[in-house]
Amino acid sequence: PMKPDVLQLKALSPQLEAGLEAAYAVHRPYRAADPDALIAKVAGKVRAVVTGGDLGVPAALWDRLPALEIVAVHGVGLDKVDTDLAAARGIAVTTTPGVLTQDVAELAIGLWLSLSRRMMTADRYVREGRWPRGERLPLARRAGGRKVGILGLGQIGRAIAAMAAPFAGEIAYHSRRPVEGGPYAYHASPQALAAAVDVLFLITPGDAGMLVDAGVLKALGTDGLMINVAR
């Protein structure tokens, strides 16, 4: 039988691409000498689009794919997928939630510890030969006992909070709405949260708007730390 036609909009790992090729007829405009011509040639029979959260589906592409049935996002971001349009046309949209939750949380905690303990600064200090010259390296700060704020208590935000708990003196959060039954203190705005904590983790979707402005940074203070792992 003929393999269903798939339009792959961005590169994936060799293993994932091999899996796609085994089951589908895969068309990759980003590798074509003339991407637009390739899309025009296959557009009428493409039943699926494979993309990433950072790319989504370009607005001009929807009307060119009359047979489209599903948009598969490799990642969790739907910021650049017109989900209302997809719903109106009966097109399914899928993501891969949970796959990288722990990884992003670990990265966030690692950045916090590194920033608190000046690990990157100390690494440069040694590599630049400043140690044998006797140059003074400023003391680092303890991570333990700090008040931690999570701006965006979604799946990844909760994982960060859980990993931060052994270090944190307190954990608080702000999200679009309070999380029912959550064990952490809720603050009504990003600025209120920043004023209450020493360390602010930013983990929100890309369509959340400008959440961290000058007022939030001022509330966090010159001794505060902000770890941005948001899109």
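Here are some residues: ALA86, ALA25. Which one is modelled with pLDDT of 95 or more, more than 25 Å from VAL99 (Cα to Cα) and not basic (Lys, Arg)?
On the way: ALA86 fails: more than 25 Å from VAL99 (Cα to Cα).
Selected residue: ALA25, the only one of ALA86, ALA25 that is modelled with pLDDT of 95 or more, more than 25 Å from VAL99 (Cα to Cα) and not basic (Lys, Arg).
Based on this model, can you work out whether ALA140 counts as hydrophobic (A, V, I, L, M, F, W, C), over 20 Å from ALA194 (Cβ atoms) and in contact with a helix residue (DSSP H, G or I) (Cβ under 9 Å, 6 or more places away or on another chain)? Give the derivation first.
Details: hydrophobic (A, V, I, L, M, F, W, C): yes; over 20 Å from ALA194 (Cβ atoms): yes; in contact with a helix residue (DSSP H, G or I) (Cβ under 9 Å, 6 or more places away or on another chain): yes.
Spelling it out, ALA140 is indeed hydrophobic (A, V, I, L, M, F, W, C), over 20 Å from ALA194 (Cβ atoms) and in contact with a helix residue (DSSP H, G or I) (Cβ under 9 Å, 6 or more places away or on another chain).
Tallying residues that are surrounded by fewer than 18 Cβ atoms within 10 Å (Cβ to Cβ) and either farther than 25 Å from ARG231 by Cα or basic (Lys, Arg) (or both) within the stretch 137-157 yields 9.
Among the candidates VAL104, VAL57, VAL76, the residue that is more than 30 Å from PHE167 (Cα to Cα) and among the hydrophobic types (A, V, I, L, M, F, W, C) is uniquely VAL57. When VAL126, VAL212 are screened for being aliphatic (A, V, I, L, M) and over 29 Å from VAL76 (Cα atoms), only VAL126 passes. For residues that are open to solvent by 30 Å² or more (accessible area, probe 1.4 Å) and in contact (Cβ under 8 Å) with a residue 60 or more places away in the chain, scanning just the stretch 192-211, find the one that is farthest from the chain's Cα centre (by Cα). Here the answer is LEU211.
LEU202 - would you say it is closer than 30 Å to GLY53 by Cα and out of contact with any helix residue (DSSP H, G or I) (no Cβ under 8 Å at 6 or more places or on another chain)? First the steps, then the outcome.
Details: closer than 30 Å to GLY53 by Cα: yes; out of contact with any helix residue (DSSP H, G or I) (no Cβ under 8 Å at 6 or more places or on another chain): yes.
For LEU202, the condition - closer than 30 Å to GLY53 by Cα and out of contact with any helix residue (DSSP H, G or I) (no Cβ under 8 Å at 6 or more places or on another chain) - is met.
Among the residues making up the stretch 32-42, those that are open to solvent by 70 Å² or more (accessible area, probe 1.4 Å) and in a loop (DSSP other than H, G, I, E, B) are ALA33, ASP34.
Can you find a residue in the stretch 160-169 that is over 22 Å from the mean Cα position of the chain (by Cα) and open to solvent by less than 40 Å² (accessible area, probe 1.4 Å)? Before the answer, list the steps.
Applying the first criterion (over 22 Å from the mean Cα position of the chain (by Cα)) to the stretch 160-169 yields 166-169.
From what is left, the residues that are open to solvent by less than 40 Å² (accessible area, probe 1.4 Å) are 168.
So far as the stretch 160-169 goes, yes, one or more of its residues are over 22 Å from the mean Cα position of the chain (by Cα) and open to solvent by less than 40 Å² (accessible area, probe 1.4 Å).
Screening THR222 against (1) of a type in the set (S, T, N, Q); (2) surrounded by fewer than 18 Cβ atoms within 10 Å (Cβ to Cβ); (3) touching a strand residue (DSSP E or B) at 6+ places or on another chain (Cβ under 7 Å) leaves a single unmet condition, (3).
The values are calculated or read from the model by the stated rules, or taken from the named source; none is laboratory data. The shown structure was predicted, so the numbers you read here are calculated from the model rather than taken from an experiment. Don't worry about glycine lacking a Cβ; one is built from the backbone with ideal geometry, like all the others, and counts go over all protein chains shown. To get the accessible areas, we keep the full protein, side chains included, count just its heavy atoms, and leave off ligands, DNA and RNA. Shrake-Rupley method; radii C 1.70, N 1.55, O 1.52, S 1.80 Å.
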